[in-house]
Amino acid sequence: MNDDMQSIIGLLQEVPLFQDLSISELESIAPLFVERKFKKNTVLFHEGDSGNEFFIIESGLVKIYRIDYTKEVILSLFREGDYFGEMSLIQNGMTRSATVETLAPTTMYTLSRSDFIEFMVKSPRLSLKLLEVTMERLRKANEQIYDLTFLDVRTRTIKVISRLAEEHGVTKHGGLMIDMKLTHQQLANMAGTVRESVTKVLQELQEDQVISIDKKMIFIKNMEELKKRII
């Protein structure tokens, strides 16, 4: 087995969708993936485009977003080990539900729907896992809809910071560092509000010593206190 194949298998073992597969199954599906490299600010596809590819990120950062009239709403930020495009694997001819754009130079592995379906026929466990992870993402989407509908701007902003800390937090000095640079506008696009409102909430949290910010990276000093403010 060459180094490239070992690299793909190692990556697949960290992706929830493929974690239940045996080594022999991983060795069978790994050659079906194609490596692709993208520059920063590359749009991989637009909402409404036809889709028949699944993506796994090896390195880099992408944003998943929709345009509400002229306003950008960021649904997720994905980085190494994350995947997207799984809905196109389930139903032939399904269009993309959101736009995907790189926020940094990004390397990915892609898998075509035809190759995936052929492999899935041989591995019922993969079909069950795909259903499981899709339901989990649906649950998160429902939670986001609830937040945008019923929570006030301040609470939405704090919840976004808390979720980013849980998903991308790195333990440091007794707290959690969100391991990505985030602008106030990007946070606003995730919270469904305007930049000025996010800036105000961030200032409040810094003044109360709940967080600190250095070079666009947020450090959660007191996660317990942060969660208490999500009412």
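Evaluate the charge dipole of the stretch 100-231 about its Cα centre and quote only its size in Debye, nearest 20, assuming +1 on the Cβ of each Lys and Arg and -1 on the Cβ of each Asp and Glu.
120 debye
How large is the charge dipole for the stretch 23-159, taken about the Cα centre, if only the Cβ atoms of Lys, Arg (+1) and Asp, Glu (-1) carry charge, to the nearest 20 debye?
Working: 19 positive and 20 negative charges, 74 e Å.
Dipole size: approximately 360 debye.
Summing +1 for each Lys or Arg and -1 for each Asp or Glu, what net charge is found among the other residues whose Cβ lies under 9 Å from the Cβ of residue 75?
+2
Which residue, 174, 51, 60, tops the fluctuation ranking in a GNM of the chain built on C-alpha contacts under 10 Å?
Ranking 174, 51, 60 by mean-square fluctuation puts 174 first.
Projected area of the chain, taken from the Cα convex hull and averaged over every viewing direction, in nm²?
In nm², the orientation-averaged hull projection of the chain is 13.7.
Counting only protein heavy atoms, what percent of the accessible surface of the chain is carbon or sulfur at a 1.4 Å probe?
51 percent
Where does the charge balance sit around residue 184 when Lys and Arg score +1, Asp and Glu -1, over other residues with C-beta under 13 Å from its C-beta?
Overall, the nearby charge balance is +3.
Residue 122 versus residue 68, label points 7 Å from Cα toward the beta carbon: distance in nm?
Taking the simple label geometry, residue 122 and residue 68 are separated by 4.5 nm.
So what's the back-of-envelope 222 nm ellipticity for the chain, counting only DSSP H runs of four-plus at -39500 (n - 2.57) apiece and dividing by all residues, rounded to 500?
Result for the chain, helices only: -13500 deg cm²/dmol.
With a sphere of radius 15 Å drawn around the Cβ of residue 92, what net charge do the other residues whose Cβ falls strictly inside it have (Lys, Arg +1; Asp, Glu -1)?
Charge balance near residue 92 sits at -3.
Only Cα pairs under 8 Å and at least 6 apart count here; give the relative contact order of the stretch 91-231 as a rounded whole percent.
Numbers: 115 pairs, mean separation 29.1, N = 141.
For the stretch 91-231, the relative contact order is 21 percent.
I'd like the accessible area for residue 159, computed on protein heavy atoms only with a 1.4 Å probe and all protein chains in place. Round to 10 Å², please.
Roughly 50 Å² of residue 159 is accessible to a 1.4 Å probe.
Excluding ligands, DNA and RNA, what is the solvent-accessible area per residue of the chain at a probe of 1.4 Å, expressed in Å²?
Value returned for the chain: 54 Å² of accessible area per residue.
The values are calculated or read from the model by the stated rules, or taken from the named source; none is laboratory data. Since we're looking at a predicted model, the values are computed, not measured. Cβ atoms come from the backbone with ideal geometry, glycine included; neighbour counts cover every protein chain shown. When the accessible area is computed, the model is the full protein with side chains, heavy atoms only, and any ligands, DNA or RNA have been set aside. Shrake-Rupley method; radii C 1.70, N 1.55, O 1.52, S 1.80 Å.
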